[in-house]
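The values are calculated or read from the model by the stated rules, or taken from the named source; none is laboratory data. On a predicted model such as this, the values are computed, not experimentally measured, just so you know. Note: ideal-geometry Cβ built from the backbone for every residue, glycine included; neighbour counts use all protein chains shown. Just the protein is used for accessible areas: all its heavy atoms, side chains included, with ligands, DNA and RNA removed. Shrake-Rupley method; radii C 1.70, N 1.55, O 1.52, S 1.80 Å.
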Amino acid sequence: MVVYVRVSSRGQKADMQRQKEAVAAFCERVGYHVDEWSEDSGSGFKYRRPQCTRLMREIELGQIKRLIFAHKDRFVRFGYEWFADFCVYHQTELVVINGDSLSPEQE
């Protein structure tokens with residue numbers, strides 16, 4: 001199981017830490033064991049983020065069975081439905097612990 005966290009800029013380390021803490025608490029509460037923590041700093045509008053790209057490849061290869069993130073927009077700002085369908089096709093379960101998106105202002 002992989003956890004993915006993202007912030008828009010490197011200056012948001014506190015926000016990154018809050019995401020990690022929220023996801024860790026969720027995983028502990030439901031009994032998930034995290035195998036890998038993956039993080040990016042960069043805009044959700046851009047899809048060329050190193051960890052995001054790597055995770056997409058690993059999902060396509062069937063190497064990730066469950067991917068967890070705090071908010072839908074932490075992985076992709078637009079096109080979440082396409083990404084979710086991609087994961088279903090490749091037998092990867094997506095777990096979003098908070099379905100609400102953060103607006104660009106909140107981020």
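The charge dipole of the chain, taken about its Cα centre with unit charges on the Cβ of Lys, Arg, Asp and Glu (plus for the first two, minus for the last two), comes to roughly 300 debye. Once the 1.4 Å probe is applied to the protein heavy atoms, the chain comes out at 59 Å² accessible per residue. Packing order of peptides 10-19, 50-59, highest average first: 50-59, 10-19 (average count of other Cβ atoms within 10 Å over each peptide's residues). Comparing mean-square fluctuations of 73, 85, 40 from a GNM of the chain with C-alpha springs under 10 Å, the top value falls on 85.
Percent of Cα pairs in the chain per distance bin of 5 Å, from zero to the largest separation: 2, 12, 25, 27, 21, 10, 2, 0.
Probe radius 1.4 Å, ligands and nucleic acids ignored: give me the carbon and sulfur share of the accessible area of the chain as a rounded percent.
On the way: 3240 of 6360 Å².
Answer for the chain is 51 percent, counting heavy atoms of protein chains only.
Packing order of peptides 61-68, 2-9, highest average first: 2-9, 61-68 (average count of other Cβ atoms within 10 Å over each peptide's residues).
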